[in-house]
1. Quick one: which residues, 5 or more positions from Asp394 or on another chain, have an amide H under 5 Å from its amide H? H modelled 1.01 Å from N in the peptide plane, none for Pro or chain starts.
2. Can you compute the charge dipole magnitude of the chain about its Cα centre, using +1 on each Lys and Arg Cβ and -1 on each Asp and Glu Cβ, nothing else charged? Give it in debye, rounded to the nearest 20.
3. Classify the range 75-114 as rounded, prolate or oblate from the Cα gyration tensor: take a ≥ b ≥ c as the square roots of its eigenvalues, call it rounded if a/c is under 1.5, otherwise prolate when a/b beats b/c and oblate if not.
4. If the elastic network links every pair of Cα atoms under 10 Å, which of His69, His317, His135 fluctuates the most in the Gaussian network model of the chain?
5. So who's got an amide H within less than 5 Å of the one on Gly28, skipping anything under 5 residues away but keeping other chains? H placed 1.01 Å off N, in plane.
6. Roughly what would the spin-label model give for Gln302 and Ala330, points 7 Å off Cα along C-beta, in nm?
7. Can you pull the accessible area of Ile290 for me, 1.4 Å probe, Å² to the nearest 10?
8. Would you check the accessible area of Glu362, probe 1.4 Å, heavy atoms only, in square angstrom rounded to 10?
Amino acid sequence: MKYHIWTIGCQMNKADSWHAAQELEAQGHVPTKSAEDADIVVLNTCVVRQSAEDKVYGRLSSLKPLKRHNPHAAVVVMGCLVEEDSTALQECFPFVDLFLPPSDVQGLMSLVTDKWGDASSQAGATASPVPVSCHVPVMQGCDNLCTYCIVRLRRGKERSRPVAEIVEEVLCLAQRGAREVTLLGQNVDAYGHGLPGQPDLADLLRTVHEVDDLWRIRFLTSHPNDMSDGIIEAVAELDKVCEHIELPVQAGHDLTLKRMGRGYTVNQYRRLVERIRDHVPGVALATDVIVGFPGETEDQFQATYELLAEQRFDVVHVAAYSPRPGTPAARLDDDVPQQQKERRRRLIEELQRQIAAEINHELLESTTEILVEDKHKGKWRGRTRTNKLVFFNDDADWRGKLARVEVTWAGPWSMQGKLRMTDLASGSLPFP
Ligand code: SAM
Ligand code: SF4
Ligand code: F3S
């Protein structure tokens, strides 16, 4: 059978879709680019903001005529659109065969085997290469109480996967060609709560670090309150763990942080960043910010702007506040006009474009190690340990290899470089 998966949302959703594709292919099903051609159509959905939800409903409505052409097709909707009680969705979209909660790949596979049988024995084991850089969910859900956030309502309470199960998955990915893994959780630095023996993220990093043929480890996203000294030490100490931390601040004013329910003050956040920078030299920090939260005054927005100007993060993901049904913040007056939210968002984007350009400019003429992931528009594309995109030209096959590249051009979002042939001769790295 042919399958088509449409995905929107965060890395967790992308990882779930990849996992679903792997399971479907293990059963002999083949991917197709167009939903109209497919027998199995999966929409993996996100509702973090109204704009994402609108896209989901648009895509879902466009599938309505699908069953007229192919009455045997199965349409499955999974991800964060789906609430525990999906009756209302079933009534609105009767052509959907199944609504599944986020990450329920097994639920999808049960429907597929019920409908078309288990074809795994005919299909044989999947030996297809995996991406050089893979995402591995290590926990689900979130126990924090951020007042604007629908994720915790849709993904439920925190549940961590056992260390052994994660390591087995990473081992298998490395054997199939992965060289980097990113360990994923909504609140990944709370990993391990409730597991027997109470392992934490530092313990998990140390165990994954032992996997042969794996060269790099990342993790995201971290909540400032759960970023322990033990985790910072593990990042500093373990060679394979990259100097790259995603640490959302969300706002730069204490009153806004309080109304957001984030559980820390701006100064506590500042001190944490200082500790990380002291212990992990050269660390790249990324953060998330919401502008236009209910009651955010111009001065409070300025405080956020100034914090970002002072801290000079490598990456800032900025979003305009979007009220989400069922969240405590949705009961507050959404009183910052849309135009102002957009203005604040653009101001931060412009500030960050400038900062990122300056940070990357400092790398000009330096040589950096990149893990090459694939070819894009004729050029090799890879990332530095600090997660910066670098492109270079070469005729050899560099996929999945470490290259030393001299930076010849630096923009805010990517860099261009040339291979250092002197290093090539030294043979100190796994060359093609
Ligand atoms: N767990 C992470 C954290 O603690 O920030 C991220 C969760 S969320 C999937 C990703 C980002 O979406 C958040 O960091 C936040 O900036 C943004 N976001 C979440 N809810 C939002 C809302 N109601 N309006 C605008 N942006 C939102
Ligand atoms: Fe949502 Fe806050 Fe949990 Fe992040 S930490 S998923 S923003 S509740
Ligand atoms: Fe979206 Fe759910 Fe991720 S709402 S951002 S897909 S956790």
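The values are calculated or read from the model by the stated rules, or taken from the named source; none is laboratory data. Quantities reported herein were computed from a predicted structural model and do not represent experimental measurements. A quick note on method: Cβ atoms are made from the backbone with ideal geometry, for glycine too, and the neighbour counts reach across all protein chains shown. Calculation scope for accessible area: heavy atoms of the full protein, side chains included, ligands and nucleic acids excluded. Shrake-Rupley method; radii C 1.70, N 1.55, O 1.52, S 1.80 Å.
1. Amide H neighbours of Asp394: Trp380.
2. On the way: 50 positive and 62 negative charges, 195 e Å.
In debye, rounded to 20, the chain gives about 940.
3. On the way: a/c = 2.46, a/b = 1.34, b/c = 1.84.
Here the range 75-114 falls in the oblate category.
4. Evaluated over the chain, the most mobile residue of the options is His69.
5. none
6. Rounded to a tenth, the inter-label distance reads 3.4 nm.
7. Accessible area of Ile290: about 20 Å².
8. Number for this one is 150 Å².
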